[in-house]
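Undergrad: Would you mind keeping the following structure in view while I ask a few things?
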There are 2 protein chains.
Amino acid sequence: MGDTIRVVVVGTGQMGSGIARLILKKPALQLAGACARRPGRDGVDLGLAIGLERELGISVTTELDALLEQTRPDIAIQATCSTLEDAWRELNILIGHGVNVISIAEEMAYPAAKSPIKAEQLHQLAIKHGVSVLGAGVNPGFVLDLLIILLTGVCAEVESIKATRVNDLAPYGPTVLSEQGVGLTPEAFEQGLSNGSVVGHVGFEQSLQMIAAALGWELERIEQSREPIIAEVRRETPFVTVEPGRVAGCLHTAVAYRDGRAVISLSHPQQIHPEMEGVETGDLIRINGAPDLNIEGRPEIPGGQATVALAVNMTPQVLQAAPGLYCMADLPAPAAMLGDGIFRRFGRGKRKREAR
Amino acid sequence: MGDTIRVVVVGTGQMGSGIARLILKKPALQLAGACARRPGRDGVDLGLAIGLERELGISVTTELDALLEQTRPDIAIQATCSTLEDAWRELNILIGHGVNVISIAEEMAYPAAKSPIKAEQLHQLAIKHGVSVLGAGVNPGFVLDLLIILLTGVCAEVESIKATRVNDLAPYGPTVLSEQGVGLTPEAFEQGLSNGSVVGHVGFEQSLQMIAAALGWELERIEQSREPIIAEVRRETPFVTVEPGRVAGCLHTAVAYRDGRAVISLSHPQQIHPEMEGVETGDLIRINGAPDLNIEGRPEIPGGQATVALAVNMTPQVLQAAPGLYCMADLPAPAAMLGDGIFRRFGRGKRKREAR
């Protein structure tokens, strides 16, 4: 047990529960406790809270400070929110207790995109307390940024980058569907954009700034647009029925400019049952440079599963990094964590985790 | 100039020349000198040696020690050979002079695959002299290892991995063609395998061990096979004509076993003009796990260009790493180096290189 990594999960929603279940399957990790925001979760057995059919003998708590004092974890995975602002208080408590952090909050994928000042504060706080902090997730954090960055590594020059992630919202529940405007009339969709109830994808600014920083580009501006995807045939899920003429999803695009020229164009059409109108899901990356690259993944990397896996799989990289704030492009590439230890992967052969 | 990275190139063949030409295009890098093995290159102007139409006012030398004492570079890129044994003497001189190293020698992609003892010696020597050493290249080093490793990062479980790199040897010269047996009769191909003149791909053991180490898998054994690709139609390049029935290339495969089961299967058919018999070039990765992944790049990432770019693009990562020996999976992902500085890419925003 001496070499086992003690992990606390902050958040017991769909993502937090998936992360906790995966931690239980990893011999190198020990699920030390869980904190929830919802008062109703307080005192519930963690096994039941995360959808297992057995109790774990650990109670979910809503008191993060007390949990950390009791369990003294090596690392915490935060899965409670999307924005930097909303993540802020928990991040400060975790770092203040000397706990390393992986956050799946979208804005944590590249916090400087939203607030360079807050990012610098997090970085300094992490250094002060000797811990490492990483934002991880499938998108932002992997498909439309890290994977693109890695691919440019084989390029002598890059003129422009275009990438599209086409997914299917049919497996998702009412919250996600309504954030993408699914089922609305085109007019209600426009209204939703105005009043903020229709959101589209959260993460384009983070992805674009992460790519630009990795490549050494200064961006002039970022332009985003959100357009309704109008159904031409009836599309249906357990939670919504979309008649022809209504909104089946949201086509969200973001374009980054440099020297007056569009250099990075990201597109993420999210809708229910795209296949019903002949649209295949997938992740498509096209780099116009020397050489040109053309990479396709079909179907798309599934978002929920991938975010859960990335959050867990990045624990070795975060534990082995020097104190500070990191994005996915700053640390060694993620890898499925399939062994029974935390290994370093040096070319000289693998070995057990070393003290920092 | 104060923040410019001084780079020496060791080797002025096709790869070394390409690397030197790319360094000249990067404002953050300064080409400080070059060393060649061939005596005929001694004293030749570096510009002419690397195929430019202008002189650079720097003479190529064959004396590596003297070059390093004169130029005191930050980093050297080694492009002289394929094997660890052949790279050994230059590596020791470079590290001994306190110079960071990127080597494109195939066996340096994961030196522990060939010799864990030599890898450990390099690691200790690098630490002793305070420098970082990396093996980089397209394959091994990127397509059939790093890219696969990165993709498994979104997986909770991995059952097996299959990847194929289909390329076209038509652009290559006589040396490469003869190493793959192009133009031989099937009998002469078999003979070439026996006497070592037909080699196939150099790098499978390195790729397989790099993947296994990153995932935490212990491999039982690796099985390799090399089969002739027999032409059914006449195929022709400036250097070779292959009549039907003769060898158009070599299908080299390598399979890694674990618990009696094939877990990683890599395949690299190399031939001239595969399109003449309906074979499309490309890089194909299929991961059987949770989730399944299916990624294709078409055409394949071009080997020569990609190796040159990777060697140059990894300079920031190597300079910013703690002293030691690294493989591509140990350092932050490569990225095209397009800015005029060496940036750190922290989520808090980019900044100039900091002292180690």
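Undergrad: Enter the Cα centre distance for the pair the range B:151-175 and the range B:36-77, rounded to the nearest angstrom.
TA: Centre-to-centre (Cα) distance: 35 Å.
Undergrad: Round to the nearest 10 and give me the degree value, 0 to 90, for the angle of helix B:116-129's Cα axis relative to the longest principal axis of chain B.
TA: Roughly 20 degrees, rounded to the nearest 10.
Undergrad: Sorting A:LYS26, A:LYS162 by accessible area (1.4 Å probe), largest first, what list results?
TA: Correct descending sequence by accessible area is A:LYS162, A:LYS26.
Undergrad: Given Cα positions, please report Rg to Rh for the range B:1-131, the hydrodynamic radius being the Kirkwood one.
TA: 0.97
Undergrad: For the range A:1-128, what does the relative contact order come out to in percent, with C-alpha contacts under 8 Å and a separation of six or more?
TA: The normalised contact order for the range A:1-128 reaches 22 percent.
Undergrad: What's the local net charge at A:THR71, with K and R +1, D and E -1, over the other residues with C-beta under 14 Å away?
TA: -2
Undergrad: Let me ask you something else. Name the residue from B:THR62, B:ALA254, B:MET328 whose Cα lies farthest towards the positive end of the charge dipole of the protein assembly as shown, charges +1 on Cβ of Lys and Arg and -1 on Cβ of Asp and Glu.
TA: Toward the positive end, the furthest listed residue is B:THR62.
Undergrad: Please state the charge dipole magnitude for the protein assembly as shown, taken about the Cα centre, from unit charges on C-beta atoms (+1 on K and R, -1 on D and E), reported in debye and rounded to the nearest 20.
TA: 1880
Undergrad: Angle check, please: helix B:303-313 long axis (alpha carbons) against the longest principal axis of chain B (alpha carbons), in degrees 0 to 90, nearest 10.
TA: 30
Undergrad: Taking a label point 7 Å out from Cα toward Cβ, give me the nm distances from B:GLY260 to the same spot in the other copies, shortest first, one decimal.
TA: Taking the point 7 Å beyond Cα along Cα→Cβ, the inter-copy spacings are 7.0 nm.
Undergrad: Could you work out what % of the accessible surface of chain A is carbon and sulfur, using a 1.4 angstrom probe and leaving DNA, RNA and ligands out of the count?
TA: 47
Undergrad: Okay, next question. What is the ratio of the Cα radius of gyration of chain B to 2.2 N^0.38 Å, with N the residue count, to two decimals?
TA: Here the Cα radius of gyration is 1.01 times the empirical estimate.
Undergrad: Moving on. Before I look further, what does the range A:146-300 give for accessible area per residue, probe 1.4 Å, in whole square angstrom?
TA: 40
Undergrad: What is the Rg over Rh value, at two decimals, for the range B:146-300, using alpha-carbon atoms and the Kirkwood definition of Rh?
TA: 1.02
Undergrad: So how much slack lies between B:THR175 and B:GLU55, counting 0.36 nm per residue of separation and subtracting their Cα-Cα distance, in nm?
TA: Extra length available between B:THR175 and B:GLU55 comes to 40.3 nm.
Undergrad: Let me check against my output: what whole-number percent is the relative contact order of the range A:146-300, with C-alpha pairs under 8 Å and at least 6 apart?
TA: Relative contact order comes out at 35 percent.
Undergrad: If you line up the long axis of helix A:14-25 against the longest principal axis of chain A, both from Cα atoms, how many degrees apart are they, to the nearest 10?
TA: Rounded to the nearest ten degrees, it is 50.
Undergrad: Shifting gears a bit: Along the charge dipole of the range A:84-202, Cβ charges K/R +1 and D/E -1, which of A:LEU94, A:GLY153, A:ASN167 sits furthest on the positive end?
TA: So the residue we want is A:LEU94.
Undergrad: Place the label 7 angstrom along Cα→C-beta at A:GLN30 and in each other copy, then list the distances from the first to the rest in nm, shortest first.
TA: For A:GLN30, the other copies' label points sit at 5.3 nm, shortest first.
Undergrad: Another one. Over chain B, what relative contact order in percent results from Cα pairs under 8 Å that are six or more residues apart?
TA: With pairs under 8 Å counted, the relative contact order is 19 percent.
Undergrad: Separate question: Would you mind giving the total buried accessible surface between chains A and B, with a 1.4 Å probe and ligands, DNA and RNA left out, rounded to the nearest 100 Å²?
TA: 5400
Undergrad: With point charges of +1 on the Cβ of Lys and Arg and -1 on the Cβ of Asp and Glu, referenced to the Cα centre of chain B, which listed residue (B:ALA32, B:ALA76, B:THR281) lies farthest in the positive direction of the dipole?
TA: B:ALA32
Undergrad: Counting partner chain Cβ atoms within 10 Å of every residue's Cβ in B:143-150, what's the average?
TA: 4
Undergrad: Quick one: plug the Kirkwood hydrodynamic radius of the range B:134-201 (C-alpha pairs) into Stokes-Einstein at 25 °C, 0.890 mPa s, and report D in µm²/s.
TA: 168
Undergrad: Could you calculate the FRET efficiency of B:SER82 with B:THR62 from 1/(1 + (r/R0)^6), where r is the beta carbon distance between them and R0 is 25 Å, rounded to 0.05?
TA: E(calc), rounded to 0.05, equals 0.80.
Undergrad: Can you give the charge dipole size of chain B about its Cα centre, rounded to the nearest 20 debye, using +1 on the beta carbon of Lys and Arg and -1 on the beta carbon of Asp and Glu?
TA: 1400
Undergrad: Also: Counting every Cα pair in the protein assembly as shown, what percent are over 38 Å apart?
TA: Across the protein assembly as shown, Cα pairs with separations above 38 Å total 37 percent.
Undergrad: Taking H placed 1.01 Å from N in the peptide plane, check which residues at least 5 places from A:THR12 or on another chain put their amide H under 5 Å from its amide H.
TA: When sequence neighbours closer than 5 places are left aside, the close amide H contacts are A:ARG37.
The values are calculated or read from the model by the stated rules, or taken from the named source; none is laboratory data. Keep in mind the model is a prediction, meaning the values are calculated, not measured. Here Cβ is always computed from backbone atoms with ideal geometry, including for glycine, and neighbour counts include all displayed protein chains. What goes into the accessible areas is simple: the full protein's heavy atoms, side chains included, and nothing from ligands, DNA or RNA. Shrake-Rupley method; radii C 1.70, N 1.55, O 1.52, S 1.80 Å.
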